[in-house]
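Here's the structure, in structure tokens; my notes come after.
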Amino acid sequence: MDSPFPHYPVNDFGPLMKGIAIGVLGIVHVFLAQFAIGGGMLMCYFQWLGQTGREPLARKFTDGFFKFVVLVSFVLGAVTGVGMWFATIQVSARTIGTMVGEFHWLWAVEWTFFSLEITAGYCFYRYGTKLPDRERMTLLVIYAAASWFSLFWINGILSWQLTPGDFYETGNMWDGFFNPSFFPSVIFRTVTSMGIAALAACLVVNLMPEMDREQRNTLIHRAAYFLTPALAMPLLGVWYFWAIPADSRSWTLGGNVPMMMFFVLAIVCSMFIAVYALFGLIRARLYINGMTASLLVSLALLATAFAEFVREGVRKPYTLRGYLYSNSITEDEVARLREVGCTTDDPYPLRAADRYPNEQVAKGALVYRNLCSVCHTPDAANGLTHVTGTWTVSQRRMNIAKLQRTKPFMPPFAGTPDELEALVQWIGWINSGRPETWPESNDPETLREIQQWLDEVGTKSGLELLAEEGAH
């Protein structure tokens with residue numbers, strides 16, 4: 001018999017939730033990438049100021065800033081970029097595999113622009129100080145355009161995860177790429193990139209010892225103009241939220257407390273930066289020292305972190321909306337797994353299998369690994385024992401059986417009644433401190449009750465259930 005769904009090699013992150021591992025790496029990479037994109041545009045602006053005689057210090061600043069871009073973006077950005085591919089394959093191979101399979105030509109185009117960006121940047125790093133203004137500007141424009149087009153292509157693929165548009169009906173790659181959230185997302189990220197670059201410029205200027213305070217102040221206020229587009233971010237944010245599904249918006253408006261909290265924190269951090277930029281740097285023309293610049297860059301990093309958490313979170317219960325759940329099971333596979341089981345034909349043995357007191361608890365560990373481990377740990381970050389700690393045994397059975405109804409941002413339980421009971425017993429065993437012995441639970445009446453709950457809720461997602469209830 002064919003396996004009910006593809007199994008992938010298992011990676012155990014210990015007490016660290018897999019989502020946190022890839023999330024932290026992704027946040028750093030996104031921040032650095034946006035810094036590089038905005039930095040390219042900022043350097044073109046300063047090069048124009050220099051070669052038109054508007055700012056005598058512009059060329060010196062551009063050379064110094066580019067060395068900072070190379071150090072941070074080319075080195076750390078490249079390392080975290082490779083790390084993102086590696087981590088994504090470890091955590092959700094099926095998700096990234098589907099994205100590559102559907103958009104492989106666009107990934108290739110993006111890599112072409114990335115290669116052009118690196119080549120132009122390397123040429124400027126080696127020869128920029130020796131070149132006349134026209135050739136310097138040409139290299140910087142190529143670098144800036146290539147880095148922005150890398151964002152352009154990646155944005156289309158990433159935004160497709162949440163708003164696939166007509167892709168699943170037509171199968172057309174461009175319908176998926178130019179999806180409903182494509183334009184608000186790419187414009188929002190462009191404005192964000194400009195703001196991050198401007199704040200980084202304020203920090204870099206303070207690290208240039210050959211300049212006095214007056215010269216630094218002049219360059220800081222030149223860079224501050226790159227923060228003015230941030231005033232449009234509230235409107236861009238509304239545009240983006242209008243483009244995403246209503247149920248996804250609901251997670252940030254109270255449907256999911258952590259998501260709502262991070263959404264608010266992202267707005268607060270962004271507002272602090274925007275208010276300081278408008279009233280402090282642009283209107284009052286205040287001098288900004290290294291410590292203040294560092295604080296503003298840190299706030300920008302926090303805003304990026306909170307916003308990326310929300311962007312990832314509003315896709316729940318999917319990684320690919322309407323197709324693939326966060327545990328790498330498709331919508332169509334849930335019904336079959338309810339019959340044959342999610343642990344069927346799992347070829348990968350449990351680590352330290354002899355520590356489990358009986359076969360039922362061991363099966364529960366397999367169920368956890370296949371259905372829950374991408375978002376939960378046993379008893380650490382987002383641990384199942386914490387999430388279910390106040391539930392009675394009967395509540396665990398019913399709540400997990402009706403998971404998409406009790407928690408609509410969770411996928412439906414995709415297993416048999418005996419697998420669900422095994423998961424419940426595994427959780428109970430962990431809650432009890434992992435004793436050496438544990439009684440098996442094989443009461444036929446309990447399994448019939450679990451089956452009844454599973455049948456009552458069905459195999460539809462929580463979002464579909466909410467939509468049906470709203471229609472009535």
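Bear in mind these aren't lab numbers, they're just calculated from the coordinates by the rules spelled out. Fair warning: this is a prediction, and the values are worked out from it, not measured in the lab. Here the Cβ is made from the backbone with ideal geometry for all residues, glycine too, and neighbour counts use every protein chain on show.
Figures for the structure shown
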quantity	calculated
Rounded, prolate or oblate (a/c below 1.5 giving rounded, otherwise prolate when a/b exceeds b/c) for the stretch 214-284 by Cα gyration tensor	prolate
For q = 0.19 Å⁻¹, Debye-computed log10 I/I(0) when each Cα of the stretch 403-462 counts as one equal scatterer	-0.77
Projected-area average for the stretch 42-149 over all orientations - Cα convex hull basis, square nanometres	7.2 nm²
Degrees separating the helix 257-275 axis from the principal Cα axis of the chain, which is the longest one	10 degrees
The stretch 324-411, relative contact order in percent, only Cα pairs under 8 angstrom and at least six apart counted	26 percent
Residues of type lysines that LYS407 reaches as a straight line, Cα spacing below 30 Å, ignoring anything fewer than 8 places off in the same chain	LYS18, LYS316, LYS363, LYS460
Length-normalised contact order of the stretch 18-324 in % [C-alpha pairs under 8 Å, at least 6 apart]	22 percent
Positive-pole candidate from THR129, TYR168, TRP105, dipole of the stretch 18-324, charges at beta carbon	THR129
Gyration tensor verdict on the stretch 329-471 (Cα atoms; rounded if a/c is under 1.5, prolate if a/b is larger than b/c, oblate otherwise)	prolate
Peptides ranked, highest mean first, by Cβ atoms within 10 Å: ranges 72-80, 191-199	191-199, 72-80
5 angstrom amide H check on LEU324, placed H, neighbours 5+ away	THR319
HN-Hα J in Hz across the stretch 131-137 - Karplus 6.51, -1.76, 1.60, θ = phi - 60°, x for Gly and Pro	8, x, 4, 4, 5, 4, 4
Rg to Rh, two decimals, where the chain supplies the alpha carbon set and Rh follows Kirkwood	1.05
C-alpha long axis of helix 213-224 to longest principal axis of the chain, angle in °	50 degrees
The stretch 393-472 versus the stretch 10-73: alpha-carbon centroid distance in Å	46 Å
Computed over the stretch 146-231, Cα set: Rg, Dmax in Å	18.6, 62
Reachable lysines from LYS130, criterion Cα separation under 23 angstrom, eight or more residues apart if same chain	LYS60, LYS67
